[in-house]
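Notes follow the structure.
The values are calculated or read from the model by the stated rules, or taken from the named source; none is laboratory data. Quick caveat: nothing in here was measured; it's all calculated off a predicted structure. Virtual Cβ from ideal backbone geometry, glycine too; neighbours counted across all protein chains shown.
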Amino acid sequence: MLRDFRKKILKSPISVLLPVSGLIILGLSTLFSITTTQGQTPPNALSKQIIFMIPALILMSIILLTPRRIIHKYIYLIYGCIIIAVTLPFFGEKIAGTYRWINFGLPFGLQPSEIAKWVIVIALARYLSDHNLKIKNIDAIVVPFLIVLFPTMIVLRQPDLGTAFVMIIPVFTMLFWVGSRPIHLFLIIAPFLSVFTAFDILVFSIWAVIMAVVIFLARLKLWHALGLYFSNIFLGLIFPLMWGSLRSYQQNRLLSLFNPELDPLGAGYQIIQSKIALGSGGFMGKGWGQGTQTHLKFLPVQESDFIVSVIGEELGFLTLLIMLVLFSWLIIKIIRLALDTTDRFSSLVLVGISTIFLTHVFVNCAMTVGMIPVKGLPLPFISYGGSFLLSCFMMVGFVLNFGREKLD
């Protein structure tokens with residue numbers, strides 16, 4: 001048995017751990033700076049993050065050694081369990097105005113939606129690999145979207161828009177990976193873009209032109225093309241009626257995206273302070289532990305959502321560039337593993353996990369510079385968060401498992 005374990009480890013793409021290690025070191029160094037400059041004594045974000053590293057590494061090792069056929073066999077059962085898990089927070093107390101955590105009576109809670117991200121990916125990978133679908137037909141993508149939408153809608157009700165967004169994105173890349181027509185995926189995304197671009201008449205006009213070109217190049221039947229195009233235009237035009245259905249904090253986040261100065265002490269405060277921190281850091285930064293936005297606590301949620309701003313202020317653009325290179329190295333490595341494997345199930349799992357990592361990196365970084373609304377998404381391996389750290393290392397375990405030469 002020990003020989004089999006040794007073979008599995010040696011055959012695994014261990015090089016994936018190199019960028020992960022670099023990101024972990026950067027994250028712990030930044031948390032150390034935050035807790036030190038603010039005089040925080042344990043238990044603080046740094047000490048908790050270090051403690052969570054222990055179960056995270058154990059879970060990664062367990063997943064690495066678990067036979068793939070076992071994961072394939074029981075993933076639907078795990079999917080059913082995670083559906084129950086993401087509903088349990090509704091029976092507890094609100095934390096920070098949301099139902100996201102399960103309280104076990106410990107100093108920390110578990111956020112099941114973090115685990116749900118990769119559970120959905122693996123369940124979807126099994127369905128797509130088990131069914132020889134005529135994926136080019138639009139009706140073939142109905143079940144995959146239902147697999148994703150059911151837990152996503154529950155998480156959306158918590159409410160947790162950021163996590164729900166991450167949960168639904170992998171279905172698009174995974175369907176594209178197995179041969180779904182890009183036009184079908186585009187038409188699913190189009191209504192959301194029609195609503196989002198309705199905030200500005202110029203942006204909406206540009207979107208209308210792009211949509212017309214895409215539909216024309218897809219060579220759809222005339223009546224189908226006209227129906228799809230004008231239905232999306234109509235959806236964008238009636239958006240003002242839908243605006244009232246959004247919660248006030250969601251409206252403020254969207255408005256502050258386009259003009260943070262509208263509410264500099266409210267919805268726009270986070271983005272403004274984040275931009276100040278990033279801009280003041282320059283190319284080389286002010287120096288480790290020297291960030292005034294961090295030290296004076298002007299920058300909110302700096303241990304998790306806005307940790308990029310802390311890095312930018314203290315260590316500068318050069319360190320941020322190194323960080324993005326490490327993330328790119330990790331994601332490209334996972335995609336290459338997906339290309340090299342001959343097992344469709346493994347390939348889909350790897351594509352889905354790489355999409356989760358990429359979405360987190362893009363949303364978190366874009367959020368800190370004001371490109372998109374504040375969604376409250378942490379940065380993998382760097383931001384503070386116990387449940388998120390566990391989930392990230394578990395996904396690395398799946399990469400090490402599904403990316404190696406098949407031994408089981």
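Odds and ends about this structure:
- Qualifying residue in the stretch 38-47 (condition: over 23 Å from residue 163 (Cβ atoms), among the hydrophobic types (A, V, I, L, M, F, W, C) and within 24 Å of the chain's Cα centre (by Cα)): yes
- Comparison of 347, 383 shows that the only residue that is outside any helix (DSSP H, G or I), buried (at least 21 other Cβ atoms within 10 Å of the Cβ) and either in contact (Cβ under 8 Å) with a residue 40 or more places away in the chain or within 14 Å of the chain's Cα centre (by Cα) (or both) is 383.
- Out of 77, 88, 110, 65, sole residue that is in contact with a strand residue (DSSP E or B) (Cβ under 8 Å, 6 or more places away or on another chain) and more than 30 Å from residue 31 (Cα to Cα): 88
- Checking each residue in the stretch 186-202 for being of a type outside the set (Val, Ile, Thr) and either touching a residue at least 40 places away in the same chain (Cβ under 8 Å) or under 17 Å from residue 231 (Cβ atoms) (or both) picks out 186, 187, 190, 191, 192, 193, 194, 196, 198, 199, 200.
- Unmet criterion (only one of (1) at pLDDT 80 or above; (2) more than 14 Å from the chain's Cα centre (by Cα)) for residue 195: (1)
- Index of the failed condition, residue 34 passing every other in (1) of a type in the set (Val, Ile, Thr); (2) under 20 Å from residue 402 (Cα atoms); (3) out of contact with any Cys (no Cβ under 9 Å at 6 or more places or on another chain): (2)
- Of the residues 11, 48, the single one that is surrounded by 14 or more Cβ atoms within 10 Å (Cβ to Cβ), within 22 Å of residue 394 (Cβ to Cβ), in contact with a Lys or Arg (Cβ under 6 Å, 6 or more places away or on another chain) and charged (D, E, K, R) is 11.
- Residue within the stretch 156-167 that is among the hydroxyl-bearing types (Ser, Thr, Tyr), modelled with pLDDT of 80 or more and under 21 Å from the mean Cα position of the chain (by Cα) present: yes
- Scanning the stretch 173-182 for residues that are free of Cβ contacts under 8 Å to residues at least 60 places away in the same chain, surrounded by 17 or more Cβ atoms within 10 Å (Cβ to Cβ) and either among the hydrophobic types (A, V, I, L, M, F, W, C) or on the phi > 0 side of the Ramachandran plot (or both) yields a single hit, 175.
- Comparison of 20, 86 shows that the only residue that is farther than 22 Å from residue 402 by Cβ, crowded, with 16+ Cβ neighbours inside 10 Å, touching a residue at least 24 places away in the same chain (Cβ under 8 Å) and of a type outside the set (Ser, Thr, Tyr) is 86.
- Residue list for the stretch 343-369, restricted to those being at pLDDT 95 or above and of a type in the set (Phe, Trp, Tyr): 357
- Segments classed as helices (runs of 4 or more DSSP H), wholly inside the stretch 207-306, with at least 3 members that are of a type outside the set (Ser, Thr, Tyr) and at pLDDT below 80: 222-237, 239-243, 248-258, 269-281
- Checking residue 30 against (1) in contact with a helix residue (DSSP H, G or I) (Cβ under 6 Å, 6 or more places away or on another chain); (2) more than 27 Å from residue 324 (Cβ to Cβ), the condition it does not meet: (2)
- Within the stretch 355-372, tally of residues that are touching a residue at least 24 places away in the same chain (Cβ under 8 Å) and in a helix (DSSP H, G or I): 12
- Options 122, 70, 54: the member that is surrounded by 13 or more Cβ atoms within 10 Å (Cβ to Cβ), in a helix (DSSP H, G or I) and not charged (D, E, K, R): 122
- Options 83, 25; residue that is in a helix (DSSP H, G or I), closer than 30 Å to residue 313 by Cβ and β-branched (Val, Ile, Thr): 25
- Single condition residue 43 does not satisfy, out of (1) touching a residue at least 12 places away in the same chain (Cβ under 8 Å); (2) assigned to a helix (DSSP H, G or I); (3) under 30 Å from residue 312 (Cβ atoms): (2)
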